[in-house]
Amino acid sequence: MELLSDAFVYLCAAVIAVPIANRLGLGSVLGYLIAGVVIGPVLGIVGSETTEVQHFAEFGVVMMLFLVGLELQPAMLWKMRKQLIGLGGLQVLGTTAVFAGAGLAFGLVWQSAVALGMILALSSTAIVLQTLNEKGWLKTEGGQSSFSVLLTQDIAVIPMLAILPLLAVGHGGGSQGDSHGARHGGGHGDGAALGGEALASLPGWLQAVVILAVIAAIIVAGRHLMRPVFRFIAQSYLREIFTATALLLVIGIALLMDFVGLSPALGTFLAGVVLSDSDYRHELESDIEPFKGLLLGLFFLTVGAGIDFNLLFGAPVTIFGLAIGLIVTKFVLLFGLGTIFKLKGADKWLFALGLAQAGEFAFVLFGFALSAGVLEPALLQTLTLVVAISMLLTPALFILYEKVIAPRAVTQSNRPADEIDRKGRIVIAGMGRFGQIVGRLLITSGYDVVILDHDPQTVENLGKVGLKTFYGDATRPDLLHGAGLQDADLFIAALDDRDKQTMVVEHVAKTYPKVRILARARDRHHVYELEQAGAHHAEREVFEGAMTMGRRALIDLGMHPFRARSKAKDFWHHDRAMLDDLRENYNDGGVDKSYIDAMRAHSQTLFEIMRTDHGDDKHERTERGWNPPPKGDATL
């Protein structure tokens, strides 16, 4: 029952803390760490058993690296080779060198200094990627550069696991080896402690041959043997057996690598890369992911529970000083790399601030370094606190970027706005996926159009295909005046940013009342906002494309094209009518009960309309270019 009570405590802490942390923008990793702190040092619910739990939970790292390998298809790695080797490689090597130098300056032996540099070179993949996705920054140049560096760091963990035992200077073993030492190899690979003993009696050259043979066997089996095995298992249509097979594969490779004295994480990573082109890759990911997530969550819980708050309260200035020093050092290095690789403005700040913390892999490598005797236990206790604090400060860094740096970096771009030397009847602000379609239609129809866009890359690309575009921020009143809006007939607002879009529409409506305004809207509510701001017409950006896709889906499902078109037209007319009817129920604060009630009424009406057959409508039958389906068509 003690096992069940411990499991209940850990699960309860995770279920409560992690969703709250996500809501607050802290991320799941910090949620687990905070939960561990609460049930450990704060409340004292868990204690000495956390070490044993941590040894078990460390197998989540093995699973994580297997999943990382599954994502790294050789073709993708080759395509990204310049960013991985250039930007990512320089970040890892440069940061390792700087922190290793700092370690030497503080009196560490060179082996410990190098290990420290490697570990602190890593950033938090979980926190950074989650934030970039949530904020919509992953597709920016700064986000893509961050992703490349994080991917390089994940790959770099593999050689780090192999190098750390070679740096052993005999610090951590001894009595500590029992608590976090020899048995640690069972987690993710202290080959010297457990694995490798079977080969110890063999000559060195023969050990090397056996190791190479095992690696070759993993590659060959992954390429040729595992696919028919997975196909055979899949044909049983038993999901639990496929899951068992996936776990058997990971555990079996981990044991095999441990047997020959290599890191199990290295073996599973290699197996993942080999299977990345397999037809069963996605099924493997979905089966392993829950186990990986739970074990890693449990691992971070135990890290939080093991934090020494007496050490923190005993030297808070030192601990926080080291954490801030870590962040500042990495920021300066990353900012310099961003400059070298020509990141500009907000992208460079996002890249440097986003990756300035230490990463969750540091906790894993700390334990590995301790078991290998590379770093002293007392130093690791301090470093664990420093890493945890740097991660806790990461949300504040993103807030600093979003609220302070990004707005100023955009408005104070290194490139000045272009001087607009032409006038046109039409001014378009924004040439994204919406504005480009409208602009090309008008230009090819013979109209004079002045185009404004604030993305230098977009301006450059459009210039290459012959579309003259002026660089500048369309929310600036002087730029709009320079574009000749006072003499224009039509202004088309197509900015990506929702708030800026509404703002520029409001400004043009008040300043140039004679100009007709057409605006791109994100959704139905944005339509109402733009109309209130002064737009004469607002069009939802994806509505027509979604209608076309829906009609195509009906046809692919067997409906006659004529019938599918009729259904789509019925839906289109009803949605337009609903857009008009709901306008009076919408208010600036969003939706209220009257709006929701009106939505439900319209939804019920739509169901009734779509159930009704309008296929015999005379207008539809006589419209040019359409052949109605014959009477008695089964698809009707």
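Glu620 fails exactly one of the following numbered conditions: (1) touching a Ser or Thr at 6+ places or on another chain (Cβ under 8 Å); (2) farther than 30 Å from Ala521 by Cβ; (3) at pLDDT below 75. What is the number of that condition?
(2)
Does segment 535-557 hold any residues that are over 34 Å from the mean Cα position of the chain (by Cα) and modelled with pLDDT of 85 or more, and which are they? Give the steps one after another, and end with the answer.
Kept after step one, since they are over 34 Å from the mean Cα position of the chain (by Cα), are these residues of segment 535-557: 535-537, 555, 557.
Once the filter is applied, which keeps residues that are over 34 Å from the mean Cα position of the chain (by Cα) and modelled with pLDDT of 85 or more, segment 535-557 yields Ala535, His536, His537, Ile555.
Tell me, please, whether a residue that is touching a Ser or Thr at 6+ places or on another chain (Cβ under 8 Å) and at pLDDT below 90 can be found in segment 332-340.
No, there is no match, as no residue in segment 332-340 is touching a Ser or Thr at 6+ places or on another chain (Cβ under 8 Å) and at pLDDT below 90.
Given the conditions (1) surrounded by fewer than 20 Cβ atoms within 10 Å (Cβ to Cβ); (2) assigned to a helix (DSSP H, G or I); (3) touching a residue at least 12 places away in the same chain (Cβ under 8 Å), and given that Val250 satisfies all but one, which numbered condition is not satisfied?
Of the numbered conditions (1) surrounded by fewer than 20 Cβ atoms within 10 Å (Cβ to Cβ); (2) assigned to a helix (DSSP H, G or I); (3) touching a residue at least 12 places away in the same chain (Cβ under 8 Å), the odd one out for Val250 is (1).
Only one of Ala388, Ala378 is hydrophobic (A, V, I, L, M, F, W, C), closer than 29 Å to Pro159 by Cβ, in a helix (DSSP H, G or I) and free of Cβ contacts under 8 Å to residues at least 40 places away in the same chain; which?
The match here is Ala378.
Determine which single condition Tyr512 fails, assuming it passes every other condition in (1) open to solvent by less than 30 Å² (accessible area, probe 1.4 Å); (2) closer than 23 Å to Ile437 by Cα.
Every listed condition holds for Tyr512 apart from (2).
Go over the candidates Leu350, Leu337, Leu322 one by one and state the one that is buried (at least 24 other Cβ atoms within 10 Å of the Cβ) and of a type outside the set (Gly, Ala, Ser).
Testing whether each residue is buried (at least 24 other Cβ atoms within 10 Å of the Cβ) and of a type outside the set (Gly, Ala, Ser) leaves just Leu350.
If I filter segment 201-226 down to residues being within 19 Å of Phe269 (Cβ to Cβ) and modelled with pLDDT under 80, which single residue comes out as most open to solvent (accessible area, probe 1.4 Å)?
Arg223
Please enumerate the residues belonging to segment 530-546 that are under 18 Å from Val438 (Cβ atoms) and touching a helix residue (DSSP H, G or I) at 6+ places or on another chain (Cβ under 6 Å). Before you say what the answer is, go through the steps one by one.
Just the residues of segment 530-546 that are under 18 Å from Val438 (Cβ atoms), to begin with: 530, 535-546.
Passing the criteria: Leu530, Ala535, Ala538.
For segment 365-387, indicate whether the set of residues that are surrounded by fewer than 20 Cβ atoms within 10 Å (Cβ to Cβ) and either among the β-branched types (Val, Ile, Thr) or closer than 27 Å to Thr140 by Cα (or both) is non-empty.
Within segment 365-387, one or more residues are surrounded by fewer than 20 Cβ atoms within 10 Å (Cβ to Cβ) and either among the β-branched types (Val, Ile, Thr) or closer than 27 Å to Thr140 by Cα (or both).
Give me the residue from segment 353-364 that is under 23 Å from Thr302 (Cα atoms) and at pLDDT 90 or above and, out of that set, surrounded by the most Cβ atoms within 10 Å (Cβ to Cβ). Step through it out loud before you land on a result.
The first filter runs over segment 353-364 and keeps only residues under 23 Å from Thr302 (Cα atoms), leaving 357-364.
If we keep only those that are at pLDDT 90 or above as well, we get 357-358.
On the way: Gln357: 27, Ala358: 25.
Once the filter is applied, the top-ranked residue is Gln357.
Looking at segment 301-319 only, could you name the residues that are surrounded by 18 or more Cβ atoms within 10 Å (Cβ to Cβ) and in a helix (DSSP H, G or I)?
Leu301, Thr302, Val303, Gly304, Ala305, Leu312, Ile319 - these are the residues of segment 301-319 that are surrounded by 18 or more Cβ atoms within 10 Å (Cβ to Cβ) and in a helix (DSSP H, G or I).
Part of a loop (DSSP other than H, G, I, E, B), farther than 18 Å from His224 by Cα and in contact (Cβ under 8 Å) with a residue 24 or more places away in the chain, is that true of Leu294?
no
Residue pairs, Cβ under 7 Å, 6 or more apart or interchain, first in segment 537-555 and free of Cβ contacts under 8 Å to residues at least 12 places away in the same chain, second outside any strand (DSSP E or B) and aliphatic (A, V, I, L, M). List them.
Within 7 Å, the pairs are Ile555/Ala564.
Of all residues in segment 264-295, which are over 17 Å from Ile233 (Cβ atoms) and open to solvent by less than 10 Å² (accessible area, probe 1.4 Å)?
Pro264, Ala265, Gly267, Thr268, Gly272, Ser276
Does Phe434 count as surrounded by 17 or more Cβ atoms within 10 Å (Cβ to Cβ), touching a residue at least 40 places away in the same chain (Cβ under 8 Å) and within 21 Å of Leu150 (Cα to Cα)?
No.
The values are calculated or read from the model by the stated rules, or taken from the named source; none is laboratory data. Small disclaimer: the values here were computed from a predicted structure and weren't measured. A quick note on method: Cβ atoms are made from the backbone with ideal geometry, for glycine too, and the neighbour counts reach across all protein chains shown. In case anyone asks, the SASA skips ligands and DNA or RNA and just uses the protein heavy atoms, side chains included. Shrake-Rupley method; radii C 1.70, N 1.55, O 1.52, S 1.80 Å.
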